[in-house]
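*Asks:* Questions regarding the structure given below will be posed in turn.
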């Protein structure tokens with residue numbers, strides 16, 4: 001079972017990327033492809049030095065500018081398919097595999113293969129730093145990784161008050177130790193997704209029109225929608241080396257990722273793509289959807305005024321318009 005790891009990096013993140021490459025090498029992976037998505041000149045030089053002095057077999061595909069996650073992972077998968085490896089393991093540049101993670105994936109696959117078609121199965125490593133993965137594993141909930149059905153921009157009345165309560169009175173997360181070894185999930189992030197390359201013939205490649213954010217959900221949900229399944233392997237563990245902007249260690253009562261992300265582009269693409277994705281795949285009750293939409297607009301407008309974030313509020317409104325109308329792709333007003 002030959003496995004090719006695909007890592008996407010950008011910016012000035014070699015200090016993280018090098019740890020992930022080292023982690024994959026410790027797992028005795030067969031090939032590693034790094035898609036350099038417009039990283040800094042300093043990071044590019046460090047990566048080239050790493051290849052020259054420590055890992056001559058490293059394959060590097062470089063873009064001169066950041067083309068978004070969808071194109072980067074699409075390119076990485078295309079390059080991996082061309083290698084002699086039958087399997088692909090996707091990684092972010094800050095997802096470090098715990099020792100033995102790949103062995104657990106291989107063992108799981110070999111145990112399942114007699115009952116599964118390699119064109120309809122994917123495995124996913126467990127990310128115990130991500131609340132949605134923890135919830136999916138602890139509750140055996142296939143939908144927990146995705147936003148709730150009929151949400152609007154991630155907002156749903158069903159979870160609104162519980163989220164506020166958690167910020168005032170934090171609750172202890174479910175322990176990963178309570179989880180089953182295999183848990184069915186309906187979608188996954190790129191980081192940790194493991195599959196045979198023939199799967200791409202069934203579901204296609206990542207959709208570049210998402211450009212940035214939610215493209216991983218669109219890509220992985222196609223597995224389920226084409227009659228396949230994704231199994232979360234809780235013994236194959238990845239650790240996030242850096243907290244995402246939307247997962248701070250502590251959220252204040254008036255926190256919202258759309259206002260607290262450092263860049264307008266992060267807020268814009270996250271809101272726009274979540275709206276489009278949810279309307280496309282998760283809309284089952286139009287009345288509930290419209291109710292969530294109304295309350296979200298009241299909530300986000302009120303929050304913007306309370307925090308004095310008037311410019312960011314205009315960015316959010318632009319994202320809403322484009323998400324609802326299906327105007328995807330790169331928006332030159334929001335460069336990353």
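The values are calculated or read from the model by the stated rules, or taken from the named source; none is laboratory data. Owing to the predicted nature of the structure, the values given are computational and were not obtained by experimental measurement. Heads up, the Cβs are rebuilt from the backbone with ideal geometry, glycines too, and the neighbour counts pull from every protein chain shown.
*Asks:* Within the group 34, 20, which residue is under 19 Å from the mean Cα position of the chain (by Cα) and assigned to a helix (DSSP H, G or I)? Give the derivation first.
*Replies:* Values: 34 fails: assigned to a helix (DSSP H, G or I).
20 is the lone residue from the list that is under 19 Å from the mean Cα position of the chain (by Cα) and assigned to a helix (DSSP H, G or I).
*Asks:* So, one more: Counting only residues that are under 24 Å from residue 9 (Cβ atoms) and in contact with a helix residue (DSSP H, G or I) (Cβ under 6 Å, 6 or more places away or on another chain), which one in region 187-205 is surrounded by the fewest Cβ atoms within 10 Å (Cβ to Cβ)?
*Replies:* Checking each candidate, the answer is 205.
*Asks:* Going residue by residue through region 284-299, is there one that turns out to be without any contact (Cβ under 8 Å) to a residue 24 or more places away in the chain, touching a helix residue (DSSP H, G or I) at 6+ places or on another chain (Cβ under 7 Å), surrounded by fewer than 15 Cβ atoms within 10 Å (Cβ to Cβ) and in a helix (DSSP H, G or I)?
*Replies:* No, region 284-299 contains no residue that is without any contact (Cβ under 8 Å) to a residue 24 or more places away in the chain, touching a helix residue (DSSP H, G or I) at 6+ places or on another chain (Cβ under 7 Å), surrounded by fewer than 15 Cβ atoms within 10 Å (Cβ to Cβ) and in a helix (DSSP H, G or I).
*Asks:* Taking only region 64-101 into account, find how many residues are touching a residue at least 24 places away in the same chain (Cβ under 8 Å), out of contact with any strand residue (DSSP E or B) (no Cβ under 9 Å at 6 or more places or on another chain) and in a loop (DSSP other than H, G, I, E, B).
*Replies:* The total comes to 2.
*Asks:* While we're looking at this one, here's another question. Select, from 158, 106, the only residue that is assigned to a helix (DSSP H, G or I) and free of Cβ contacts under 8 Å to residues at least 40 places away in the same chain.
*Replies:* 158
*Asks:* Being under 17 Å from residue 30 (Cα atoms) and without any contact (Cβ under 8 Å) to a residue 24 or more places away in the chain is the filter here; which residues of region 3-18 pass it?
*Replies:* none
*Asks:* Next up: Give the residue that is nearest to residue 91 (Cα to Cα), with candidates limited to residues of region 37-52 that are assigned to a helix (DSSP H, G or I) and in contact with a helix residue (DSSP H, G or I) (Cβ under 8 Å, 6 or more places away or on another chain).
*Replies:* By that ranking, first place goes to 47.
*Asks:* With the requirement that a residue be surrounded by fewer than 21 Cβ atoms within 10 Å (Cβ to Cβ), in contact with a helix residue (DSSP H, G or I) (Cβ under 7 Å, 6 or more places away or on another chain) and in a helix (DSSP H, G or I), what does region 135-149 give you?
*Replies:* 138
*Asks:* From 61, 15, which residue is in contact with a strand residue (DSSP E or B) (Cβ under 8 Å, 6 or more places away or on another chain) and over 16 Å from residue 89 (Cβ atoms)?
*Replies:* Only one candidate passes the filter, namely 61.
*Asks:* Right, another one. Can you name the number of the only condition in (1) modelled with pLDDT under 95; (2) farther than 24 Å from residue 135 by Cβ that residue 250 fails?
*Replies:* Residue 250 satisfies every listed condition except (2).
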